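Input: a single structure, listed below in C-alpha cells.
The values are calculated or read from the model by the stated rules, or taken from the named source; none is laboratory data. Note that the coordinates shown come from a computational prediction; the quantities given were computed from them, not determined experimentally. Counting neighbours? That spans all protein chains shown, and the Cβs are built from the backbone with ideal geometry, glycine included.
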Amino acid sequence: MGLDIVEFVIAVEGSFGIDIPDKDAVSLETPRLLIEYLGRHLATHDVTAMRDPNAPWTRQEIETRVVNLIESELGVDMTKHTLDSRFIRDMGLD
C-alpha cells in the first residue's frame, strides 16, 4: 500500500471509529468494497463516531461519508468515478 492509501485508511478509521487491519485494507481496492466492508464491521462494533450510538448505520450514510472522505482526503472528484473505480488504477493513487 502506498502512502496515499495508508493515509486514507487512517482517515476512514478515524471517521468511523474502527480499526482496519492491514490484511483487510489491502483487499479494499474500490469504494464499493470499502463501503461493504464498513457495513459488515460497523454492524458488529460499538461505534459512536460523531453520531447517535443507538442508531444503526445505513448503507447510504456509509456511502456518503466514504465519498466525502475520498474527495476531501484524496482530492478525487467522484463525479468522474464510480463506486467500482479502483483506487490505484483508476483514481491514480499509490
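Things worth noting here:
- Filtered residue count, segment 29-47, keeping only those that are touching a residue at least 24 places away in the same chain (Cβ under 8 Å) and not β-branched (Val, Ile, Thr): 7
- Scope segment 2-29; condition crowded, with 16+ Cβ neighbours inside 10 Å, of a type outside the set (Asp, Glu), out of contact with any Asp or Glu (no Cβ under 6 Å at 6 or more places or on another chain) and part of a loop (DSSP other than H, G, I, E, B); matching residues: Ile18, Leu28
- Sole residue being modelled with pLDDT under 95 and under 16 Å from Ile5 (Cβ atoms), chosen from Leu69, Leu93, Leu42: Leu93
- The residue that is nearest to Val26 (Cα to Cα), counting only those in segment 53-94 that are of a type in the set (Asp, Glu) and part of a loop (DSSP other than H, G, I, E, B), is Asp94.
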